[in-house]
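Enquirer: What follows is a single structure, and I will ask about it in a moment.
The values are calculated or read from the model by the stated rules, or taken from the named source; none is laboratory data. What you see is a predicted model, and the numbers here were worked out from it, not measured in a lab. With ideal geometry, Cβ positions are generated from the backbone for all residues, glycine too; neighbour counts draw on all protein chains shown.
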Amino acid sequence: VVIVPALVVPSILEECGERGIKGVITISAGFKEIGGRGIELEQKVREVIQKYDISLIGPNCLGVINTAPDISMNATFGTQMPLEGNIAFLSQSGALCVAVLDYAKEANVGFSKFISMGNKAGVNENTLLRYLREDERTHVILMYLEDLSQGREFMALAQEITDHPVRPKPVIALKAGRTVIGAKAVSSHTGSLAGSDRVYDAIFKQSGVIRGNTLEEIFDYVKAFSTQPLPKGSHVAIVTNSGGPGILATDAIITEGLKVPPFSEDTKKRLRKHLSDAVGLNNPLDLIAEAQEQQYEASLDILLADSDIHSAMVILTPTAFTHVDAVAHAIVRKAKKYGKPVVCCFLGVYDVSRGVDILEENNIPTYRFPESAGRVLAELTKFTWWLNKPPTRIREYDADRKTAAKMIDFVRGEGRTFLMEHEAYSILQAYGFPVIRSKLARTAEEAAAAGAEIGFPVAMKIASPDVIHKFDFGGVRLNIQNAAEAEVTFRDITDSVLGRIPGADIKGILVEEMVGKGQEVILGVNRDPQFGPLLMFGLGGIYVEVLEDVSFRLAPVTELSAKRMIRTTKTYKILDGYRGGPLYDIEAVEDCLTRLSQLVMDFEAIRELDINPLIVFEKGRGCLIVDARIILSD
């Protein structure tokens, strides 16, 4: 364990290497997180550990704790040893670790391993995930992240861990730097190059990682995942002695996609034998303020025995009639009997404190508020969904790569990175996308002839490498009705663009068919410098950036990922016939997403790609690209 001034660290590591020491924890700070000379010092550290094959944790870290009884090591500057448990905690922030240790002790949360990674000059999160994947003492992995060293490798490792066929382990992550200012703070904190938060969101979703938004949230989740079995379904029973909290819990659970189903007639009959006529036999089951431990215990016994109930939330408000301790003991007995997840919300602090202690001593997670307990049950259930997801594949299409490559080479040969619309169409057609009929006209007469060939009415658009946003420069006209109007429009568009961009290189006017009614969506790609191509799906049209109803995944996407991209947006409700509206061809959009994934994996030269809009027609009628933009890397 090295705790010396930063300037001395490289020489200390050199001495360690000469003596055959292969494992080092460097707590010292003053490296890349301070910039300038610190970056140079950290590079020297990397050179030394590579020279001697040293596994280094740090620098700029709290250290490492291992609670295994045969090891019981606290190599940190923290003041206390945590409880032994089945949770491994990895963090890029050392100071945060100190606070977490203190909080965990008060919350009765124990750890198997507690590792502060610091600047990750040697060992990083992927190194540790490989170890924790095999660690029998670790059942849940909790992470505080500011960046990922190698995002693609992280995805693969996390998916191996969360989707293991025999011993799946939940991975719960809190990623800091979600905002622009937050990302800058991350950079100054550990010298990280924080990627787009949407990239991280995609990584977590595709690898089964549970993302928390706050420290409180991730601890809420880990308390349940480390103590409770996973539910076999999404049906939740709520037992309460107060109506209001039961309603709040119901709202939270349903909002997260779970169900609070009515009880069966048989279950109601069994409940009625133990409950007074003043109690309605609904879900939530409000035992009313007079409820005592007998009513709680009998109700839980019946509900947890019901095969249509998969998990339960128990709410208690401390009334003069309620024996808090006795209710807690009753919950413990029934939770242990049935092996279904049970979470509790004992409202208040002082009056319920002993009951909360009894529950947590017996590994029943408790929460201050019903909304928190509802979110926790939702995450437990979603992890079950993750484990039970159907088998899927990455589709391979018979694409014309030569045509696409030839167009990319042609554009680059002209010294351009922006493809005009008709050039983008040729690449998309080579990959089997449904593209609108169009023809490039270089004169007014050619525009009239193209319109006649395609069939009026038509749309006309400027074709110029100098014009990316055609509408902004008067470069688009719609519903051109005849040849004479086409000739006039050709000249009008040309004059409009040249008037706003003098000297613009105009290659012609693209004449396109007018398309019938459908729903506009957008497909897009942005190539992240660290993680590669990020696919986007969302509501199309000119208000994409305002409404932001979009979802993201890293390519390549499986068929299942393409389905989920669409279904996690509000746009899906429209496509699925919202309020009696038409059912649209969602399968055709899924096909376009998987084709797009293959295209951008085949060509690293594609930096950005927008298909906006893709017009989706009613079910069985497919979809059609009516505008597209491709930008190449420099």
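Enquirer: For the range 267-289, does any single residue satisfy the condition of being part of a helix (DSSP H, G or I) and under 15 Å from VAL327 (Cα atoms)?
Expert: Checked against the condition, which is being part of a helix (DSSP H, G or I) and under 15 Å from VAL327 (Cα atoms), the range 267-289 yields no hits at all.
Enquirer: Which residues, counting only those in the range 383-395, are polar (S, T, N, Q) and not in a helix (DSSP H, G or I)?
Expert: ASN388, THR392
Enquirer: How many residues does the range 385-413 hold that are aliphatic (A, V, I, L, M) and farther than 18 Å from SER597 by Cα?
Expert: The number of residues fulfilling the criteria is 3.
Enquirer: Further question on the same structure: Condition first: more than 16 Å from PRO434 (Cβ to Cβ), surrounded by fewer than 22 Cβ atoms within 10 Å (Cβ to Cβ) and of a type in the set (Ser, Thr, Tyr). Can you find one or more residues in the range 579-602 that meet it?
Expert: Scanning the range 579-602, I find no residue that is more than 16 Å from PRO434 (Cβ to Cβ), surrounded by fewer than 22 Cβ atoms within 10 Å (Cβ to Cβ) and of a type in the set (Ser, Thr, Tyr), so the answer is no.
Enquirer: Take the residues in the range 464-478 that are touching a Phe, Trp or Tyr at 6+ places or on another chain (Cβ under 9 Å) and surrounded by fewer than 17 Cβ atoms within 10 Å (Cβ to Cβ); name whichever of them is modelled with the lowest pLDDT.
Expert: ILE468
Enquirer: Which condition breaks for MET407 when tested against (1) outside the structural domain of GLY541 (by TED's automatic domain parsing); (2) assigned to a helix (DSSP H, G or I); (3) touching a helix residue (DSSP H, G or I) at 6+ places or on another chain (Cβ under 6 Å)?
Expert: (1)
Enquirer: For the range 197-220, check the following and say yes or no: at least one residue is assigned to a helix (DSSP H, G or I), surrounded by 15 or more Cβ atoms within 10 Å (Cβ to Cβ) and not assigned by TED's automatic domain parsing to the domain that holds ALA88.
Expert: Scanning the range 197-220 turns up no residue that is assigned to a helix (DSSP H, G or I), surrounded by 15 or more Cβ atoms within 10 Å (Cβ to Cβ) and not assigned by TED's automatic domain parsing to the domain that holds ALA88.
Enquirer: Another question, if that's okay. Going through GLY415, GLY374 one at a time, which residue ends up being on the phi > 0 side of the Ramachandran plot and out of contact with any Phe, Trp or Tyr (no Cβ under 8 Å at 6 or more places or on another chain)?
Expert: The conditions single out GLY415.
Enquirer: I would also like to ask the following. For the range 368-380, state whether one or more residues are under 31 Å from the mean Cα position of the chain (by Cα), free of Cβ contacts under 8 Å to residues at least 24 places away in the same chain and surrounded by 15 or more Cβ atoms within 10 Å (Cβ to Cβ).
Expert: Yes, the conditions are met somewhere in the range 368-380.
Enquirer: So, one more: Looking at TYR397, TYR350, TYR338 in this structure, which one is hydroxyl-bearing (Ser, Thr, Tyr) and under 18 Å from ALA107 (Cβ atoms)?
Expert: Going through TYR397, TYR350, TYR338 in turn, just one is hydroxyl-bearing (Ser, Thr, Tyr) and under 18 Å from ALA107 (Cβ atoms): TYR350.
Enquirer: Moving to a separate point now. Which condition breaks for LEU593 when tested against (1) part of a loop (DSSP other than H, G, I, E, B); (2) modelled with pLDDT of 95 or more?
Expert: (1)
Enquirer: Criterion first (among the aliphatic types (A, V, I, L, M), touching a Gly at 6+ places or on another chain (Cβ under 8 Å) and in a helix (DSSP H, G or I)) does ALA562 satisfy it?
Expert: Criteria not met by ALA562.
Enquirer: Within the range 405-446, track down each residue that is surrounded by fewer than 17 Cβ atoms within 10 Å (Cβ to Cβ) and in contact with a Pro (Cβ under 7 Å, 6 or more places away or on another chain).
Expert: ARG416 - this is the single residue of the range 405-446 that is surrounded by fewer than 17 Cβ atoms within 10 Å (Cβ to Cβ) and in contact with a Pro (Cβ under 7 Å, 6 or more places away or on another chain).
Enquirer: What's the number of the condition ASP398 fails, among (1) assigned to a helix (DSSP H, G or I); (2) surrounded by fewer than 15 Cβ atoms within 10 Å (Cβ to Cβ)?
Expert: The number of the failed condition is (1).
Enquirer: Hey, can you tell me all the residues within the range 568-581 that are modelled with pLDDT of 95 or more and either farther than 27 Å from LYS382 by Cα or among the acidic types (Asp, Glu) (or both)?
Expert: ASP576
Enquirer: Sticking with this structure for a sec: From the list CYS16, CYS97, exactly one residue is touching a residue at least 12 places away in the same chain (Cβ under 8 Å), within 25 Å of LYS169 (Cβ to Cβ), among the hydrophobic types (A, V, I, L, M, F, W, C) and surrounded by 13 or more Cβ atoms within 10 Å (Cβ to Cβ). Which is it?
Expert: Step by step, each of CYS16, CYS97 is checked, and only CYS97 is touching a residue at least 12 places away in the same chain (Cβ under 8 Å), within 25 Å of LYS169 (Cβ to Cβ), among the hydrophobic types (A, V, I, L, M, F, W, C) and surrounded by 13 or more Cβ atoms within 10 Å (Cβ to Cβ).
Enquirer: Next question, about the same structure. Can you work out which of the residues in the range 605-634 that are assigned to a loop (DSSP other than H, G, I, E, B) and out of contact with any Asp or Glu (no Cβ under 8 Å at 6 or more places or on another chain) is surrounded by the most Cβ atoms within 10 Å (Cβ to Cβ)?
Expert: Across the range 605-634, the extreme among qualifying residues is ALA605.
Residue-wise test of (1) modelled with pLDDT under 95; (2) over 26 Å from HIS235 (Cβ atoms); (3) of a type in the set (A, V, I, L, M).
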| site | (1), (2), (3) |
| --- | --- |
| VAL342 | no, no, yes |
| TYR350 | yes, yes, no |
| GLU360 | yes, no, no |
| PRO391 | yes, no, no |
| THR403 | no, yes, no |
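Enquirer: Report whether or not VAL511 is aliphatic (A, V, I, L, M), within 44 Å of the chain's Cα centre (by Cα) and surrounded by fewer than 16 Cβ atoms within 10 Å (Cβ to Cβ).
Expert: no
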